[in-house]
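Comments concern the structure below.
The values are calculated or read from the model by the stated rules, or taken from the named source; none is laboratory data. Just so it is clear, the model here is predicted, and its values are computed rather than measured. Please note: Cβ atoms are built from the backbone with ideal geometry, for glycine as well, and neighbour counts cover all protein chains shown.
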Amino acid sequence: MEEYRLELKHVSKSFGEVQALEDINFHLGRNEVVGLLGDNGAGKSTLIKIITGYHQPTSGEIYFNGIKVDNLTVPKARELGLETVYQERALAELQTLWRNIFLGRELTTKMGFLDIQRMKDETHRLMTESMGFTSHAVSPDSTVGKYSGGEKQGVAIVRALFFNADIVVLDEPTMGLSLKESAKLISFVNGIKQAGKSAIFIDHNILHVYNVADRVVVIDRGKVAGEFQTKHISLNELMDKMVRVAETGSLG
Amino acid sequence: MDTHNNTQPQEVTKHYKPAFTFRRFIRTNSAQLGILGVFVALWLIFIASAPKTFLAPQIYSAFMSSTPFFAIMAIPLTIVVVAKEMDLSFPSIMAMGMVSFNYTYGATAFIHNATVQVTLAILAALLTGALIGWLNGFIIVKFGIPSLVVTIGTQFLWSGAALVLTQGANFSLEFIKQTFYYNLFVGKIGPYFPMQMFWLVLITVLGWVLLNRHRFGAHVYLIGDNVNSAELMGVNTSRVRIQVFMLVGVVSAFAGILASFYVAYFWPTLGAGFLLQTLASVFLGGTSVLGGTGTILGTFLGAFIIGAIEAATVAVGLTGFWTNFIYGLIIVLSVIMHMYLRKRGE
C-alpha cells in the first residue's frame with residue numbers, strides 16, 4: 001500500500017453543539033499538491049487547524065507517514081515536518097522581523113538564552129536569497145507592522161520554508177495580495193512541488209487552486225463532498241460542480 | 001598568481017551588522033531616550049531650584065534607600081504589562097510573604113538559632129509569593145478572566161487574609177539584627193550606598209536579561225503583541241502567563257522582606273501605598289498598557305522620577321501639598337510623550 005505523507009481517517013470535530021467536521025477522510029500523497037475548496041464556513045479552516053495540531057479532533061485518527069499520531073499539538077506537527085502559512089499570517093506586528101521569523105522556536109544557546117546574532121544573520125540571508133526583499137525598509141531589525149500585505153505574506157511563507165518542511169499548508173495565502181504578488185505566490189507553490197515536497201493549498205480563488213493543485217478536495221458543510229484530479233477535469237466543469245455543491249450540498 | 005579563477009568563492013557566513021547610525025539609534029530607543037530626557041530635565045530643574053540639596057550626596061542616598069522598595073516590584077510588573085496582563089495584587093503579596101515569614105520564624109523557635117530560623121522564614125516568604133502568583137495566573141488562564149479583575153479580587157483577599165491571620169497585630173522584628181541578613185538586605189556600603197539599591201540593580205539586570213535575552217522574554221513580547229499568533233506558532237501561552245505572575249509574586253514577597261527589615265518591624269497592612277507608585281513607574285517608563293512594548297530601563301528611570309518628586313517638591317520650597325499634583329502632571333505629560341513617540345516610530 002502506498003504510504004501517504006498525511007492521512008486523516010473518520011475525523012470529526014464539534015465545538016459544543018456545532019458540528020464543524022463530520023467523518024472526514026483525507027490524504028496527502030508524496031510530492032502532491034492538494035487544493036481544498038469550499039464555501040465560507042464549510043470547515044476548511046477547522047480541518048487545517050486539526051492538521052496543524054491547533055485543534056484536537058473530537059474523534060478520528062491522524063497518520064503522518066503511515067504512523068498514527070495521538071494528541072497532535074503545534075510543536076509536534078512541526079517536528080513531523082509540517083509548516084503552516086496561516087490565513088491570519090500569525091505575525092507579531094510590533095516585533096522585529098527576526099523575532100517573527102523565529103517566532104515560537106527561537107534559536108537559543110544553553111539554558112534558553114537567545115542567540116540573537118545567529119537569528120539576525122539567518123533572517124538577513126533569507127530576506128536577500130529567498131524573499132528577494134531589496135527594500136531598505138525591510139531589515140532584520142525593522143518592525144513587521146510597517147510592511148505591505150505582500151511583504152507580510154512573504155515573511156509568513158519564508159518562515160515556513162526555512163524550517164525545511166515536508167508538508168506546507170497554505171491557508172488563503174493570496175488574501176489581500178496584489179495580482180503581481182499572487183502570481184509570485186503561485187510560482188512559489190509550484191516550487192514546493194518541484195522540491196519534492198507536498199502542500200495543501202486553500203484558496204477562495206478556484207483559478208489559483210486549479211492551476212497549482214494536482215487534486216482538488218471539495219468540502220461542504222463539514223463533509224467531503226467530492227474530489228477530482230485536476231488533469232481529468234476542466235476549469236469550467238469544476239466551477240459548475242462547485243456551484244452545484246453550494247446549492248444542493250452534493251455533487252449530484 | 002591569480003588562483004580564484006577556477007575556485008568558487010567560499011560562501012562565508014554573512015554577518016548582519018548594520019552600520020551604526022544616529023537616526024536608527026534614536027528610532028529604536030525612542031521610549032527609553034524619551035524618559036531619560038524627562039529624567040535629566042527634572043534633575044536639572046531640581047539642581048537649579050535647590051542647588052544646596054541636590055549637589056549634596058545625602059539626598060541621593062535617601063532616594064536610593066526609599067525608592068527600591070517599590071521599584072523592585074515595578075521590574076516584574078513591567079514584564080506582566082508587556083504580556084498585556086495586569087497585576088494589582090502585589091501589595092498584598094508583600095504582606096502575605098511577611099505573614100509566612102513570621103509564622104515560620106515562630107514555628108521554628110525550637111531551633112534556637114536566629115540565622116537558621118530567618119533563612120527558613122525568608123524561603124517561606126518567597127515560596128508564599130510564588131504560590132500566590134501562581135494562583136493569580138492559574139485563575140486568569142484557567143477561567144479566562146481578565147487579570148485586572150482577578151487581581152483586584154486577590155488583592156482584597158490576601159490583604160484581608162494577612163489581617164485575619166495576624167488578628168491585626170503588629171510586632172517588632174528586632175531579632176533580624178542578630179543575623180547577617182539585616183546588613184545584606186538593608187545595610188549600607190560606605191556612608192551613602194544602601195544595600196536595597198544593590199538588590200534593585202541586581203533585579204533590574206536580571207529582569208532585563210530575562211526580557212531581552214531569553215526565550216521567556218521573547219514569548220512575553222509575542223503574547224503581549226498577538227496572543228493568537230503566539231498560540232498558532234506553538235508558544236505555550238498559558239504557562240508563560242502563569243510564570244509572569246509567579247515572578248511578580250516572588251519579587252513582591254522579597255520587596256516585603258526588604259521593607260520590613262528596613263524598619264525591623266512588621267505591620268499587617270504592609271504594602272498599602274505601594275500600588276500606584278509602582279504602576280506609575282511602569283507607565284512612566286513607556287511600557288504600553290496595550291502590550292507588546294516596554295522596557296526595563298524605562299521602568300527603572302520612571303521609578304526614580306516617582307521616588308524623587310516627593311523629596312524634591314519640599315526641597316525646592318513648595319509645600320508637601322504640591323506632591324501629588326506634580327506627580328500627576330509628570331505622569332500625564334510623560335504618557336502623552338510616549339504615545340507621540342510610539343506613533344512616530346510606526
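From the list A:ILE67, A:ILE51, the one residue that fits, being of a type outside the set (Lys, Arg) and either in contact with a strand residue (DSSP E or B) (Cβ under 7 Å, 6 or more places away or on another chain) or on the phi > 0 side of the Ramachandran plot (or both), is A:ILE51. Checked against (1) more than 10 Å from chain B (Cβ to nearest Cβ); (2) surrounded by fewer than 18 Cβ atoms within 10 Å (Cβ to Cβ); (3) touching a residue at least 12 places away in the same chain (Cβ under 8 Å), A:SER148 passes all but condition (3). Selection of the stretch A:45-54 for residues being within 12 Å of chain B (Cβ to nearest Cβ) and either without any contact (Cβ under 8 Å) to a residue 60 or more places away in the chain or surrounded by fewer than 16 Cβ atoms within 10 Å (Cβ to Cβ) (or both) yields A:LYS49, A:GLY53, A:TYR54. Give the stretch A:219-239 a look and list any residue that's surrounded by 12 or more Cβ atoms within 10 Å (Cβ to Cβ) and more than 21 Å from the chain's Cα centre (by Cα), or say none. Correct list: A:ILE233, A:LEU235, A:LEU238, A:MET239.
Could you go through the stretch A:62-85 and let me know if any residue there is surrounded by 20 or more Cβ atoms within 10 Å (Cβ to Cβ), more than 14 Å from chain B (Cβ to nearest Cβ) and touching a residue at least 40 places away in the same chain (Cβ under 8 Å). So far as the stretch A:62-85 goes, yes, one or more of its residues are surrounded by 20 or more Cβ atoms within 10 Å (Cβ to Cβ), more than 14 Å from chain B (Cβ to nearest Cβ) and touching a residue at least 40 places away in the same chain (Cβ under 8 Å). Considering only the stretch A:92-114, I want to know if a residue exists there that is surrounded by 21 or more Cβ atoms within 10 Å (Cβ to Cβ), without any contact (Cβ under 8 Å) to a residue 40 or more places away in the chain and more than 9 Å from chain B (Cβ to nearest Cβ). No, that holds for no residue.
Here A:PRO57 clears all of (1) within 20 Å of A:ILE200 (Cα to Cα); (2) within 14 Å of chain B (Cβ to nearest Cβ); (3) surrounded by 15 or more Cβ atoms within 10 Å (Cβ to Cβ) except the condition numbered (2). Of all the listed residues (B:VAL220, B:VAL263, B:VAL205), the sole one being crowded, with 22+ Cβ neighbours inside 10 Å and either within 18 Å of the chain's Cα centre (by Cα) or farther than 21 Å from B:GLY144 by Cβ (or both) is B:VAL220. Mind listing just one residue for me: the one in the stretch B:291-346 that is part of a loop (DSSP other than H, G, I, E, B) and in contact (Cβ under 8 Å) with a residue 40 or more places away in the chain and, of those, surrounded by the most Cβ atoms within 10 Å (Cβ to Cβ)? Per the stated criteria, the residue is B:GLY294.
Answer with yes or no whether B:LEU270 is more than 14 Å from chain A (Cβ to nearest Cβ) and in a loop (DSSP other than H, G, I, E, B). So B:LEU270 fits the description; yes. Taking the stated definitions as given, is A:THR143 buried (at least 18 other Cβ atoms within 10 Å of the Cβ), within 14 Å of chain B (Cβ to nearest Cβ) and among the polar types (S, T, N, Q)? Yes; evaluated as a whole, the condition is true for this residue. Residues in the stretch B:216-241 that are within 7 Å of chain A (Cβ to nearest Cβ), within 12 Å of A:GLN95 (Cα to Cα) and not small (Gly, Ala, Ser): B:TYR221, B:LEU222, B:ASP225, B:ASN226. Restricted to the stretch A:43-81, and to residues there that are part of a helix (DSSP H, G or I) and of a type in the set (Gly, Ala, Ser), the residue that is modelled with the highest pLDDT is A:ALA77.
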